[in-house]
Structures are given as C-alpha cells and as structure tokens.
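Okay, structure first, notes after.
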Amino acid sequence: STSASGAGEVVRLRVKQSLALALLAVIPLAIVTVVLVQVNLRRLEISAKEYRLAVSDTVARLVRSRVRQAGSELRAIGAALAQTEAPPADRLRTARALLLGARHVDQAALYDARGEHVETLRINRPGFAANRPDRLDEAIRGQAAATGVTHGDTVAAGAEGLALPLVVPIFVGEQRVLFGFLWTSLRLDDLGASLGRISRRRFGGEAHRV
C-alpha cells in the first residue's frame, strides 16, 4: 500500500512537471505570436497609410495639372484680347478660335483692370452667364495679379456637378501693364471621371474611394 502510494505520488509529480514544462514552452510561443501579430498589423497600417498618401498625391497632381493647363489656355485667350493694335473684331475672332480649340476652358469672361465686366465668350453652355460674377473684387484681382492664377471655392454647376472658378491676369508689353482679367468656371465633371478611374484601379473596382 505504501509502495503504491509512493508510486502514485511519483506519477503525479511527473505529470505536474510535464505540464509545467509544456506551459514553459507554450507561454514564450504565445508571447512571440502576439508580438508578431502586432508587428504585422503595424506594417499593414504603415503600408495602408503609404498607399493612401500615394493615391492622394496622384489626385493632387491631377488637379494641379488641370488648373495649370486651364490657366495656360486662359492666358492665350487673354493675350489675343490684349492685342490692342488689332481691330476689336479681329481680337474677338482670334479669342473665340482659341476657345474652340481649348481642351479645358469652354467659357471666358473678360474684366478690365478695375474688375468691371467687359465681354463674355463661351461655347454653348446653359447657365454659364448666371454663374459669372458681375464684378471681380479687389482681393481676387490682387491675388491673381501676384500669383498668375487664382481660384475660388468649388461651386455647383447644375446637372454637371461641380465647377472651379479660375481667374488669370492679362498683362501687355515688356512693362507688363495690367490690361484686365479673365474668369472661367472650370468644369470638374470629366475630372471626376478621371478620379473614378483611379479609384477603380487602386481600390478593386470601387469608383468613389478617391
């Protein structure tokens, strides 16, 4: 009986030792697993953030490119209107031809150096005249003259969605005398289509993530 009892105690001790050894082996493994999971999650978060930043940078470049190209088209139209040695009818004819050939600008409103509206040129687009400001205020004129192009906040453009008002100055001669300003409402509907293509490409077919 005493021998059996001693043998049972030995077995229990061995079981406890085995469990202790197993726990000693499992606990470090669990700790390592948790640490690895956290590290991987952190890496995924960093990768996702970098990806979002890359997409945002792509979108920003697209918008800046659109504004830059539209500004160049407006300046070309403005240069035609500022050819004071040419008859007014010829200037308007040249400006309209440039407007017809423009890629991003489909309307342009001319203002004098004081911001008073002079003339509006446009490709058929209902509602454009209603969106045009009657006068350019001094702050907008000053910023446009200083930077070469300025824009306002996006505005609703009826069924077309949103538009971005742009203003560029018109200078003449080597002395860069201020002739006036050109204003346009830059359509963003096709820009939205471009952003949709980026979104679908970057986010597995979802068109409105960008």
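Could you identify the single residue in A146, A163 that is at pLDDT 75 or above and exposed (fewer than 12 other Cβ atoms within 10 Å of the Cβ)?
The unique qualifying residue is A146.
Is one or more of the residues making up the range 126-133 open to solvent by 70 Å² or more (accessible area, probe 1.4 Å) and at pLDDT 90 or above?
Quick first cut of the range 126-133, residues open to solvent by 70 Å² or more (accessible area, probe 1.4 Å) only: 126, 130-131.
From what's left, at pLDDT 90 or above: none.
No, because not a single residue in the range 126-133 is open to solvent by 70 Å² or more (accessible area, probe 1.4 Å) and at pLDDT 90 or above.
Every condition in (1) modelled with pLDDT of 75 or more; (2) more than 20 Å from A144 (Cα to Cα); (3) more than 29 Å from the chain's Cα centre (by Cα); (4) of a type outside the set (S, T, Y) is met by L81 except one, and the failing one is (2).
In this structure, is V26 part of a helix (DSSP H, G or I), at pLDDT 70 or above and over 19 Å from the mean Cα position of the chain (by Cα)? Give the steps one after another, and end with the answer.
Working: part of a helix (DSSP H, G or I): yes; at pLDDT 70 or above: no; over 19 Å from the mean Cα position of the chain (by Cα): yes.
No.
Of all residues in the range 57-73, those that are farther than 14 Å from H151 by Cα have Cβ atoms under 8 Å from Cβ atoms of residues that are open to solvent by less than 60 Å² (accessible area, probe 1.4 Å) and part of a helix (DSSP H, G or I), 6 or more apart or on another chain, in T58/I198; V59/L195; V59/I198; L62/L191; L62/S194; L62/L195; L62/I198.
So which residues in the range 84-107 are assigned to a helix (DSSP H, G or I) and either basic (K, R) or under 19 Å from the mean Cα position of the chain (by Cα) (or both), if there are any at all?
R91, R93, R96
The values are calculated or read from the model by the stated rules, or taken from the named source; none is laboratory data. These numbers were taken from a predicted model, which means no experiment stands behind them. With ideal geometry, Cβ positions are generated from the backbone for all residues, glycine too; neighbour counts draw on all protein chains shown. Just the protein is used for accessible areas: all its heavy atoms, side chains included, with ligands, DNA and RNA removed. Shrake-Rupley method; radii C 1.70, N 1.55, O 1.52, S 1.80 Å.
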